1. How many of the residues making up segment 130-148 are surrounded by fewer than 16 Cβ atoms within 10 Å (Cβ to Cβ) and either assigned to a loop (DSSP other than H, G, I, E, B) or in contact (Cβ under 8 Å) with a residue 40 or more places away in the chain (or both)?
2. Would you check which residues across segment 1-19 are open to solvent by less than 10 Å² (accessible area, probe 1.4 Å) and more than 13 Å from the ligand (Cβ to nearest atom) and list them?
3. If a residue has to be among the hydroxyl-bearing types (Ser, Thr, Tyr) and loosely packed, with under 12 Cβ neighbours inside 10 Å to count, how many in segment 352-404 make the cut?
4. Scan Asp357, Asp337, Asp352 and give me the residue that is acidic (Asp, Glu) and closer than 24 Å to Thr44 by Cα.
5. Any residue at all in segment 408-431 that is at pLDDT below 95 and in a helix (DSSP H, G or I)?
6. Select, from His106, His112, the only residue that is under 22 Å from Thr205 (Cα atoms) and either away from the ligand (no atom under 16 Å from the Cβ) or touching a Gly at 6+ places or on another chain (Cβ under 8 Å) (or both).
7. Check off (1) part of a loop (DSSP other than H, G, I, E, B); (2) modelled with pLDDT of 95 or more; (3) open to solvent by 10 Å² or more (accessible area, probe 1.4 Å) for Val95 and give me the number that stays unchecked.
8. Restrict the check to segment 317-329 and report whether at least one residue is closer than 22 Å to Gly42 by Cβ and of a type in the set (D, E, K, R).
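The values are calculated or read from the model by the stated rules, or taken from the named source; none is laboratory data. Quick caveat: nothing in here was measured; it's all calculated off a predicted structure. Here the Cβ positions follow ideal geometry from the backbone for every residue, glycine too, while neighbour counts run over all protein chains shown. Note: accessible area is taken over every heavy atom of the protein model, side chains too, but ligands, DNA and RNA are not part of it. Shrake-Rupley method; radii C 1.70, N 1.55, O 1.52, S 1.80 Å.
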Amino acid sequence: MAIGNLAVLGAQWGDEGKGKIVDLLSPSFAVVARSQGGHNAGHTVLVNDDQFVLHLIPSGILHPSVVCVVGNGAVIDIAALFKEIDELSERGIAVDGRLFVSDRAHVILPYHRDVEAAAEASLGANRIGTTSRGIGPSYEDKVGRRGFRVSDLADRRDGSRFAETLKINVERRNRALGDNSLDWRAVREEVNTYWPRLLPFVADTSKLLHEMMCTGRPILFEGAQGAMLDIDHGSYPYVTSSNATIGGVCTGLGIGPGAVDGVLGIAKAYTTRVGAGPFPTELQGELGDQLRQSGSEFGASTGRPRRCGWFDAVSLRYSVRVNGIEGLAITKLDILDQFSEIQICSSYRVGDDVLKDPPANIDLFSECQPVYETFRGWRGEGVTAGVRQEADLPTAARRYLDGVEELVGVPISIISTGSDRDDTIVREESFLTRWLASRS
Ligand code: IMP
């Protein structure tokens, strides 16, 4: 019998507001588990006017009864992890005994950031616009079979496999940068300081999750980034280095596909992206600025201004397909309150061709022009900001949401109308409500 584990995944280019939705749903789950990415993510959660920005630790940590897991598919900058733990504990949130990091997760070491900076600089105008956290090079070392996993940090002797591989990796870094500025011993010294503090958090998290499932404790799988940034399915090469889609949940946590009982996709009522790459509905000029300013669209991790545009149903349909999304949470509807006319992109046009799906070829993707369906805005009719009952939404806002459902082909389960936990409508008839109710 299904015990009701739910995956909550970004359905756009990241920053969809997953943090708020995970925080909202966390009380219904015993465990929140993160399967991929690193501290490139920035999950912002507002609790009673207190803002928390989590990067690596799952958003479920804000609920004292929830156990949090960072799985083997994530890459971990240990110093950044400690910083996040310290910041939480300074604000009264203790993580001891309920935060677990996979012994098989790869680590980000200081040279990964150096290598990334050099790689980005060498790309010139074609640079990816990464978060500069060393995420990509750490995953490269993983696939290149020269990376270090959390469990390797315990082995720090001279002449050990760890020391020998570290020496080779630092030499590789020095060659790539054309200098000898990094000494492998300095990196080893730094790593030596990590292990004693890290040890209580280290676990075979796949086993832990299996034990949880065997004792009927439901798990929420928290995605990072979004489908269009997925290394396989996203707008390659303008993507992150991990699988932000559903497959990443299984490989990144060591669980079988049968463990995932439902998939909720998170999407903003419009679209944003940070970094370079195709973005067919991007709005340049005043409209884009309006969305950016009123939506506070500046990166939670890097502070970079996000590129903003209208809702893109083409990439959403694709995201639904590759993830098996059954319901959507639409966030930041209130940001559209200011417009008298709103567009949804229903297909792309390239020359005389109309595309219903995002193309694989990146040059073609970059040439895609949006074909829009126009919706009446609700400016002057009312606002959605802070609305907590669907019946109180302006008629035009409800029509817009109907349009999203129709063009994407999946029902909306949750509507978010503000950053506060309570500024949320969970639809009574949604798969999520039925499913949560059936579990209790
Ligand atoms: P990386 O993950 O730092 O390698 O960056 C690769 C691409 O993914 C860049 O365009 C980043 O801006 C983007 N990216 C990475 N993490 C996030 C995120 O959490 N939200 C939005 N974009 C992200």
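1. Start the filter on segment 130-148 by keeping residues that are surrounded by fewer than 16 Cβ atoms within 10 Å (Cβ to Cβ), which leaves 132, 143-146.
Narrowing further to those that are either assigned to a loop (DSSP other than H, G, I, E, B) or in contact (Cβ under 8 Å) with a residue 40 or more places away in the chain (or both): 132, 144-146.
Summing the residues that are surrounded by fewer than 16 Cβ atoms within 10 Å (Cβ to Cβ) and either assigned to a loop (DSSP other than H, G, I, E, B) or in contact (Cβ under 8 Å) with a residue 40 or more places away in the chain (or both) in segment 130-148 gives 4.
2. Answer for segment 1-19, where residues must be open to solvent by less than 10 Å² (accessible area, probe 1.4 Å) and more than 13 Å from the ligand (Cβ to nearest atom): Gly4, Asn5, Leu6, Ala7, Val8.
3. 2
4. Asp337 is the lone residue from the list that is acidic (Asp, Glu) and closer than 24 Å to Thr44 by Cα.
5. Yes - at least one qualifying residue is present in segment 408-431.
6. Values: His112 fails: under 22 Å from Thr205 (Cα atoms).
His106 is the lone residue from the list that is under 22 Å from Thr205 (Cα atoms) and either away from the ligand (no atom under 16 Å from the Cβ) or touching a Gly at 6+ places or on another chain (Cβ under 8 Å) (or both).
7. Condition (3) is where Val95 drops out.
8. To start, the set of residues in segment 317-329 that are closer than 22 Å to Gly42 by Cβ comprises 319, 323, 328-329.
Retained after the next criterion (residues that are of a type in the set (D, E, K, R)): none.
For segment 317-329, residues closer than 22 Å to Gly42 by Cβ and of a type in the set (D, E, K, R): absent.
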